[in-house]
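Please read the structure below before turning to the comments.
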Amino acid sequence: VGRPGAVGEQMGAGVVTVVRKNTQLREYTGQQNTGITALVNGEVAEDLTNYLAESEQINSALGLAVVVGTDARVSAAGGGLPPGWP
């Protein structure tokens with residue numbers, strides 16, 4: 001376990017999975033779009049930025065902060081994704 005607050009150090013191998021719900025459907029039917037990419041390093045912003053680049057083909061700049069306490073619980077989180085640029 002890494003130092004308190006270092007989310008990436010506490011993550012193991014895994015994937016980012018995003019399911020985009022079709023707003024016309026009232027329940028999960030398998031018709032939703034799903035994208036999966038490997039975790040880069042366990043840091044949420046970098047892993048989501050990688051997902052957007054690989055799965056959605058969207059270049060982005062994503063800023064996130066997550067504070068994890070010594071009890072391994074998230075005590076605060078926030079972020080921003082600026083609008084796209086050409």
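The values are calculated or read from the model by the stated rules, or taken from the named source; none is laboratory data. Note that this is a predicted model, so its numbers are computed, not measured. Quick reminder, even Gly has a Cβ in these numbers, built from the backbone with ideal geometry, and neighbours come from all protein chains shown. Ligands, DNA and RNA are excluded from the accessible area calculation, which covers all protein heavy atoms including side chains. Shrake-Rupley method; radii C 1.70, N 1.55, O 1.52, S 1.80 Å.
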Next item on the list: Would you calculate the separation in nanometres between label points at residue 61 and residue 81, each defined as 7 Å from the Cα along the Cα-to-beta-carbon direction?
Entry: 1.6
Next item on the list: Can you work out the PRE-style zone for residue 15? Point 7 Å along Cα to Cβ, and I want the residues of segment 38-57 with backbone N under 14 Å.
Entry: 38-40, 51, 55
Notebook entry, point to check: Got a sec? What order do 20, 26 fall in by accessible area at 1.4 Å, biggest, i.e. largest, first?
Noted result: 26, 20
Next item on the list: Assuming R0 = 30 Å, can you tell me the calculated FRET efficiency for the pair residue 72 and residue 34, based on Cβ-Cβ distance, to the nearest 0.05?
Entry: 0.60
